[in-house]
Amino acid sequence: MAIVFSLLLLLAVLAGGGGLYVLWQFGRDLPDYSQLADYRPAVMSRVHAGDGTLIGEFAHQRRLFVPIAAMPRRVIRAFLSAEDKTFYSHPGIDFAGIASAMYRNIKNLGGKRRPVGASTITQQVAKNFLLTNEVSIRRKVKEAILAFRIEHAFSKDRILELYLNEIYLGLGSYGVAAAALNYFDKSLDELTLEETAFLAALPKAPNNYHPLRHRKAAKDRRNWVLTRMADNGVISPLEAKRGAARALLMRRPDPTRIFEAGYFAEEVRRKLLQRYGKKRLYEDGLSVRATLEPALQTIADRNLRAGLEAYDRRHGWRGPLARIEDMENWLDALGKVSIPPAIGAWYMAVVLALQADQAEIGFSNGVEGRILLPHLSWARAWRKGETRGPRVRRSGDVLAVGDVVAVSAVPKSDKNYQPGSFSLRQIPAINGALVAMDPHTGRILAMSGGYSFKASQFNRATQAMRQPGSAFKPFVYAAALENGFTPSSMVLDAPFVIDAGPGQGKWKPSNYTKRFYGPSTLRLGIEKSRNLMTVRLANYIGMDQVVEYSGRFGIMAHMPLLLPMALGAGETTLLRLTTAYAMLVNGGKRVAPTLIDRIQDRRGRTVFRQDNRECPGCVSSGWHEQEAPAIPDRRDQIIQPGTAYQMVSMLEGVVQRGTGIRIRAVGKPLAGKTGTTNKSRDAWFLGFSPDLAVGVYIGFDNPRSLGRRETGSSVAVPVFRDFMAEALANQPAIPFRIPPGIQLVRIASATGLPAGPNDRKVVLEAFKPGTVPNISGPVLDGTLAREAISGSKRAGTGGLY
């Protein structure tokens, strides 16, 4: 008996010693579990528009963190039933569960069933946060030791919170909240019993229980969880039975819940990346309130696309998207043709047969339709130089059997509509951009950086450096108005020649019309976009002044002191130029373009606010007949308010009588300026209403001519006009604000003098105090020395008469 006792004692000592050795051996280099106390899970950053609409999500892992206190109890109980029913009672390791698992695994030796495990939730936390997925006894021992330590360091609720927010549940979902959205498009508190049970069934192997690819396995696993919940008293057997009888229905998140504003959202992402770095952007759960107005963005996208398509149709058909040679198997072949990202809401079809007055087409779903001759008659063959071939007289002039083309359904309002008829479409080769902003704050309300963000992420509003052409002229005129000129000052419109230097020949700028108009007022020069007048004006005031004003308005940095720069030969972006025009209509106040109003961290603390002006009186429980709080205006005054209004008035004349006359149809006070560069490579229109500044740019990404007779007036103006017509449709006609001190005088357009009773062409001109002309003044004229174009010195008056 003594010998048996001694042996047992020896075995106990050896077992204890062995256990202590294992703890010492495996516990020496374990990760520091205390880091879990400061654990901050990677949470996606989200960007919302000004009205709260979601416009972007940025994350490496799609996770939404939910504190355990906010987690629905049924969700918690479902996971405990499926994963660890004794979680709140065991010390980190479930010894009874281990024994049961060992018994079942021994019993199933030689069978087809997989070995079962007995890892607790605490062990899974240890593995997921601190260890690797290595399958070994060594890792399991480390996992057990860490589980003990974690249980002693943290509360059960904290451990469960870590688990439910970290666990991977398939479909790119980290944590139960993200999984609820990705599988069922619901928040946790909206889940039904059977949906909750399905999520609780996923931790072991989410890919094996995909509700579409492995429907039977997914449903069986869900029903098993329902049974476990009933066995544990979480739900009744009847509830489990009813839940198991219901179908497993998956509902992916509605893609339209994220408003499509790709160019704007990407620009916001770049700003956040620049400010906070990659880790904070993708892992810190920033909540960003952006300046975007979705209604204006929708109008911008629609009208920019329409303008690009209209230009593209004017210049002919470039051919099909693809060709199918084996027409016997056209359905399979069409399904293999890659869909162009820029196709948008159009459809892709293949030409099946041709008749003189129509083309029969087929779609990838087997449906057939037709394109009538009137709906493809625009498609004259494209030719080099943006010209077109002969008129289309039959469908075979455009299409051939096997052509894969883009089409859109013909609306019933079309006079040639027939059931099953479609219109031939073409993705434009040209591109462009549109920016709309609040001129008083610089808040960007809409930004379309191209025809299709899916096809090209290059943002033509912020990244395309292009010559603005005549759209730069208002800033030459603004400099002149601040240096002694008035809108009625006379400048000679006549030939102008400069010796550009040895071997450079002569520089001979000309007007677009190739004609000369003699002495003309500054107003007429800007309304009709006269190049020769602008060059004379820039030479007289000095290119150093033009460069300085360009810098004031933020148009170009380091502009060369070269006279051609006065005609917009330098390069800038649409956003910079739109901001400069905004500073004209806001009274000459400096504003900076902004995309973001406010940024909050994951706990709701504001870490950035664009408008940081103090306003104690703005916080009030209500209005009690107190005076409105006065908010300080910190904007710098970059030109006189009177000068700014004079420019606004002159640019309003561009819309009423000049190169932007097509915009007059909107019927609201609008102003702006066209821009066209040499050989018609770029087309612009920059303009504004009293409270909305808008810029439009259109051109090829690899610059080339837009074609003969294509200008800012024909290409960009229609886009601006249609955008403003929609954007201001429900707004009152607000006149431009006139600053104190401005005198409005009736002026004869031909002479620039106060109008007499017999003058027919009369404008209401704006003058600063003491500048109203009484007699005919000098006309700016003269020849220029070479130094004027080289910028080496000011050329002087050049002669006045």
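Being modelled with pLDDT of 75 or more, closer than 28 Å to ALA153 by Cβ, not in a helix (DSSP H, G or I) and not aromatic (Phe, Trp, Tyr) is a property that does not hold for SER81. Please go through the range 337-361 and give me each residue that is among the β-branched types (Val, Ile, Thr) and without any contact (Cβ under 8 Å) to a residue 60 or more places away in the chain, ordered by number. Within the range 337-361, ILE339, VAL350, VAL351 meet the criteria.
Mind listing whichever residues of the range 451-466 are assigned to a loop (DSSP other than H, G, I, E, B) and over 17 Å from PRO340 (Cα atoms)? Of everything in the range 451-466, those that are assigned to a loop (DSSP other than H, G, I, E, B) and over 17 Å from PRO340 (Cα atoms) turn out to be ASN459, ARG460, ALA461, THR462, GLN463, ALA464, MET465.
Given the condition in a loop (DSSP other than H, G, I, E, B), open to solvent by 40 Å² or more (accessible area, probe 1.4 Å) and among the aromatic types (Phe, Trp, Tyr), answer yes or no: does some residue in the range 529-542 qualify? Checked the range 529-542: no residue is in a loop (DSSP other than H, G, I, E, B), open to solvent by 40 Å² or more (accessible area, probe 1.4 Å) and among the aromatic types (Phe, Trp, Tyr).
Among what's in the range 475-515 and is among the charged types (D, E, K, R) and out of contact with any Phe, Trp or Tyr (no Cβ under 6 Å at 6 or more places or on another chain), pick the residue that is least open to solvent (accessible area, probe 1.4 Å).
Checking each candidate, the answer is GLU482.
One residue alone among ALA464, ALA446 is farther than 23 Å from GLY658 by Cα and surrounded by fewer than 24 Cβ atoms within 10 Å (Cβ to Cβ), and that residue is ALA464. Residues in the range 630-651 that are buried (at least 22 other Cβ atoms within 10 Å of the Cβ) and within 34 Å of the chain's Cα centre (by Cα): ILE639, ALA644, TYR645, MET647, VAL648, MET650, LEU651. Filtering the range 600-612 for residues that are within 30 Å of VAL66 (Cα to Cα), assigned to a loop (DSSP other than H, G, I, E, B) and open to solvent by less than 30 Å² (accessible area, probe 1.4 Å) leaves a non-empty set. Report yes if ALA795 is at pLDDT below 90, under 28 Å from SER488 (Cα atoms) and not basic (Lys, Arg), otherwise no. Yes; evaluated as a whole, the condition is true for this residue.
Given the structure, is TYR311 of a type in the set (Phe, Trp, Tyr), farther than 16 Å from MET447 by Cβ, under 19 Å from the mean Cα position of the chain (by Cα) and assigned to a helix (DSSP H, G or I)? No; evaluated as a whole, the condition is false for this residue.
Considering only the range 189-202, state which residues are in a loop (DSSP other than H, G, I, E, B) and more than 36 Å from the chain's Cα centre (by Cα). Within the range 189-202, just ALA201 meets the criteria.
Take the conditions (1) over 37 Å from the mean Cα position of the chain (by Cα); (2) free of Cβ contacts under 8 Å to residues at least 12 places away in the same chain; (3) open to solvent by 80 Å² or more (accessible area, probe 1.4 Å); ARG213 misses just one of them, which is (1). Return yes or no: is LEU238 touching a helix residue (DSSP H, G or I) at 6+ places or on another chain (Cβ under 6 Å) and not small (Gly, Ala, Ser)? Criteria not met by LEU238. For the range 353-384, the set of residues classified as over 33 Å from the mean Cα position of the chain (by Cα) and more than 14 Å from PHE422 (Cα to Cα) consists of ALA353, LEU354, GLN355, ALA356, GLY366, ARG380, ALA381, ARG383, LYS384, listed by residue number.
The single condition from (1) surrounded by fewer than 18 Cβ atoms within 10 Å (Cβ to Cβ); (2) of a type outside the set (Val, Ile, Thr); (3) touching a Leu at 6+ places or on another chain (Cβ under 8 Å) that LYS384 fails is (3). Please verify whether the range 566-586 includes one or more residues that are more than 29 Å from PRO509 (Cβ to Cβ), surrounded by 19 or more Cβ atoms within 10 Å (Cβ to Cβ) and touching a Pro at 6+ places or on another chain (Cβ under 6 Å). Yes; the residues of the range 566-586 include at least one that is more than 29 Å from PRO509 (Cβ to Cβ), surrounded by 19 or more Cβ atoms within 10 Å (Cβ to Cβ) and touching a Pro at 6+ places or on another chain (Cβ under 6 Å).
Could you tell me whether ALA201 is surrounded by 15 or more Cβ atoms within 10 Å (Cβ to Cβ), under 25 Å from PRO237 (Cβ atoms) and in contact with a Gly (Cβ under 8 Å, 6 or more places away or on another chain)? Answer is no for this residue. Across the range 467-504, the qualifying residues are those that are assigned to a loop (DSSP other than H, G, I, E, B) and aliphatic (A, V, I, L, M), and the one among them that is farthest from SER749 (Cα to Cα) is ALA500. I'm trying to understand the selection: among the residues of the range 216-245, which are within 15 Å of VAL75 (Cα to Cα) and free of Cβ contacts under 8 Å to residues at least 12 places away in the same chain? Passing the criteria: ALA230, GLY233.
In this structure, PRO739 qualifies as surrounded by 15 or more Cβ atoms within 10 Å (Cβ to Cβ) and touching a residue at least 60 places away in the same chain (Cβ under 8 Å). Could you list, in sequence order, all residues of the range 387-403 that are farther than 27 Å from SER364 by Cβ and open to solvent by less than 30 Å² (accessible area, probe 1.4 Å)? Selection gives GLY389 alone. Looking at ASN232, ASN165, just one residue is touching a Gly at 6+ places or on another chain (Cβ under 9 Å) and polar (S, T, N, Q), and that residue is ASN165. Among residues of the range 444-466 that are under 25 Å from ASP597 (Cα atoms) and touching a residue at least 40 places away in the same chain (Cβ under 8 Å), those with a Cβ under 6 angstrom from a residue that is open to solvent by less than 10 Å² (accessible area, probe 1.4 Å) and among the hydroxyl-bearing types (Ser, Thr, Tyr), sequence gap 6+ or separate chain, pair up as ILE444/THR291; THR462/THR573.
Considering (1) buried (at least 17 other Cβ atoms within 10 Å of the Cβ); (2) at pLDDT 75 or above; (3) closer than 27 Å to GLU194 by Cβ, the lone condition that HIS90 does not fulfil carries the number (3).
Being buried (at least 17 other Cβ atoms within 10 Å of the Cβ) and among the hydroxyl-bearing types (Ser, Thr, Tyr) is the filter here; which residues of the range 308-345 pass it? Result: TYR311, single match.
Could you go through the range 404-422 and let me know if any residue there is open to solvent by 70 Å² or more (accessible area, probe 1.4 Å), among the aromatic types (Phe, Trp, Tyr), free of Cβ contacts under 8 Å to residues at least 40 places away in the same chain and more than 30 Å from GLY449 (Cα to Cα).
Looking only at the range 404-422, we keep the residues that are open to solvent by 70 Å² or more (accessible area, probe 1.4 Å), and these are 411-413, 415, 417-419.
Imposing the further condition that a residue be among the aromatic types (Phe, Trp, Tyr) reduces the set to 417.
Okay, now just the ones that are also free of Cβ contacts under 8 Å to residues at least 40 places away in the same chain, so 417.
Within this subset, residues satisfying the condition of being more than 30 Å from GLY449 (Cα to Cα) are 417.
Looking through the range 404-422, at least one residue is open to solvent by 70 Å² or more (accessible area, probe 1.4 Å), among the aromatic types (Phe, Trp, Tyr), free of Cβ contacts under 8 Å to residues at least 40 places away in the same chain and more than 30 Å from GLY449 (Cα to Cα).
How many of the residues in the range 272-291 are among the aliphatic types (A, V, I, L, M), out of contact with any Ser or Thr (no Cβ under 8 Å at 6 or more places or on another chain) and not in a strand (DSSP E or B)? Outline the logic, then answer.
As a first pass, look at the range 272-291 and keep what is among the aliphatic types (A, V, I, L, M): 272-273, 281, 286, 288, 290.
Next cut, out of contact with any Ser or Thr (no Cβ under 8 Å at 6 or more places or on another chain) only: 273, 290.
Imposing the further condition that a residue be not in a strand (DSSP E or B) reduces the set to 273.
Within the range 272-291, residues that are among the aliphatic types (A, V, I, L, M), out of contact with any Ser or Thr (no Cβ under 8 Å at 6 or more places or on another chain) and not in a strand (DSSP E or B) number 1.
Which members of the range 164-198 meet the condition of being charged (D, E, K, R) and either touching a strand residue (DSSP E or B) at 6+ places or on another chain (Cβ under 7 Å) or open to solvent by less than 20 Å² (accessible area, probe 1.4 Å) (or both)? Hit for the range 164-198 is GLU166, nothing else. Selection over the range 752-784 of residues that are among the aliphatic types (A, V, I, L, M) and open to solvent by 60 Å² or more (accessible area, probe 1.4 Å) gives a count of 2.
The values are calculated or read from the model by the stated rules, or taken from the named source; none is laboratory data. Since the model is a prediction, treat every value here as computed from it, not as a measurement. Because the Cβ atoms are built from the backbone with ideal geometry, glycine has one as well, and the counts that use them run over all protein chains shown. Surface accessibility is based on the protein's heavy atoms, side chains included, excluding ligands, DNA and RNA. Shrake-Rupley method; radii C 1.70, N 1.55, O 1.52, S 1.80 Å.
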